[in-house]
Amino acid sequence: MSTKEKLQHELKAIVLVTLYFAAWLGVFMGLKVLILEDYQIHFGSVSAVLIGALILAKVVLILEYVALGYRLSEKSALSIGYRGLGTDFTDGGFTYDVVSHGLLLGYEYSF
């Protein structure tokens with residue numbers, strides 16, 4: 001995958017995840033505005049929703065590559081995380097394009 005394709009893939013991912021969080025945060029912001037209107041408190045900030053959604057999206061995309069772990073001893077450790085692994089291969093008429101996401105549970109033993 002070239003640098004341009006990687007950049008396009010990353011931008012597409014961040015836009016989709018940002019839109020998802022913006023929709024949910026927008027709903028919560030709307031509820032907050034409606035509740036505060038009952039008390040004659042005027043509040044509204046679309047920019048707060050968009051900035052919050054962008055921050056949440058980037059955190060989610062970064063944590064896709066980070067695992068949490070606990071070292072049991074000097075030689076062993078447990079880890080948990082969420083991974084997204086993908087491959088995009090084309091050769092002639094054959095195309096293999098797969099993205100797999102899922103929970104990662106691991107046990108590490110070093111010797």
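The values are calculated or read from the model by the stated rules, or taken from the named source; none is laboratory data. On a predicted model such as this, the values are computed, not experimentally measured, just so you know. Using ideal geometry, Cβ is built from the backbone for each residue, glycine included, and neighbour counts are taken over all protein chains shown.
I'd like the full set of residues that are aliphatic (A, V, I, L, M) and either touching a residue at least 24 places away in the same chain (Cβ under 8 Å) or on the phi > 0 side of the Ramachandran plot (or both), limited to the range 76-111.
Kept after step one, since they are aliphatic (A, V, I, L, M), are these residues of the range 76-111: 77-78, 80, 85, 98-99, 103-105.
Within the range 76-111, Ala77, Leu78, Ile80, Leu104, Leu105 meet the criteria.
Would you mind stating whether Ala77 is out of contact with any strand residue (DSSP E or B) (no Cβ under 9 Å at 6 or more places or on another chain) and of a type in the set (Gly, Ala, Ser)? Working first, answer last.
Values: out of contact with any strand residue (DSSP E or B) (no Cβ under 9 Å at 6 or more places or on another chain): no; of a type in the set (Gly, Ala, Ser): yes.
No, not satisfied.
Report, by residue number, each residue of the range 73-111 that is assigned to a strand (DSSP E or B), acidic (Asp, Glu) and more than 20 Å from Ser2 (Cα to Cα). Let's see the steps before the verdict.
Residues of the range 73-111 assigned to a strand (DSSP E or B): 76-91, 94-109.
Imposing the further condition that a residue be acidic (Asp, Glu) reduces the set to 88, 91, 97, 108.
Glu108, the sole residue that qualifies.
Within the range 7-17, can one find any residue that is surrounded by 11 or more Cβ atoms within 10 Å (Cβ to Cβ), touching a Ser or Thr at 6+ places or on another chain (Cβ under 8 Å) and among the polar types (S, T, N, Q)?
no
Show the residue pairs meeting these rules: Cβ distance below 8 Å; 6+ apart or different chains; first residue within the range 30-50 and part of a loop (DSSP other than H, G, I, E, B); second residue surrounded by 13 or more Cβ atoms within 10 Å (Cβ to Cβ) and at pLDDT 80 or above.
His42/Leu36; Phe43/Lys32; Phe43/Val33; Phe43/Leu36; Gly44/Met29; Gly44/Val33; Ser45/Met29
Confirm whether Leu104 is among the aliphatic types (A, V, I, L, M), surrounded by 10 or more Cβ atoms within 10 Å (Cβ to Cβ) and modelled with pLDDT under 85.
Working: among the aliphatic types (A, V, I, L, M): yes; surrounded by 10 or more Cβ atoms within 10 Å (Cβ to Cβ): yes; modelled with pLDDT under 85: yes.
Considered against the rule, which asks whether it is among the aliphatic types (A, V, I, L, M), surrounded by 10 or more Cβ atoms within 10 Å (Cβ to Cβ) and modelled with pLDDT under 85, Leu104 comes out as yes.
Could you list, in sequence order, the residues of the range 60-76 that are loosely packed, with under 12 Cβ neighbours inside 10 Å and within 10 Å of the chain's Cα centre (by Cα)? Steps first, please.
Our first condition is that a residue be loosely packed, with under 12 Cβ neighbours inside 10 Å; within the range 60-76, this holds for 62, 65-66, 68, 70-71, 73-75.
Listed by number, the residues that qualify are Ile62, Tyr65.
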